[in-house]
Amino acid sequence: MSHLSKIKTQFKNLDTLKSTLETMKCECVVGENLSLSSAYQKGQAVDMLVRPENVKYSYRFGNEDRKNDFMGYKLTGDGTYELLGDAYGQNVAGGSSFNFDSFGKEVTQKYARNEVVNQFNLNPELADFNLTEESVNDKGETVIKFERWG
């Protein structure tokens, strides 16, 4: 699944994306008129703000302190959501380490897993299949196994 998730995964389902991020201990805010408030993406419109737990991001803009709205997902013209954010490391406070590449890979892997499982649960044609095994291998890849009953 890891190989396919890296190549084929497109974030099309905002609900699945949000629930995936929440399992990763991210606060997600979905709504209209949301924008990033980071030093380099200030005012960039997004459809969902993402605030990872244990990551403190801040910068000062004039007399105004801006915190933790440094990344989010925006709907693109092709119907997929893309991650936007300010990866400028000096703005991550308190020695926190945050790596956008690692974060993106983890979100992609978990989102792909959730979408596959959701399709099996929601599609009546696949009702005979049950999730029988799920594990994470030593490379951090999620392995899932479905079996058909009946």
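What follows is calculated from the coordinates using simple rules that are stated; it is not laboratory data. Not measured: the values here are computed from a predicted model.
The table below gives the values:
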read-out	value
Distant-in-sequence amide H partners of V46 (H built 1.01 Å from N, under 5 Å)	L34, S35, L36
Across K18/K139; K25/K105; K25/K145, pairs whose alpha-carbon gap is larger than 21 Å	K18/K139; K25/K145
Full-extension gain in nm, E125 to E147, via 0.36 nm per residue minus C-alpha separation	6.5 nm
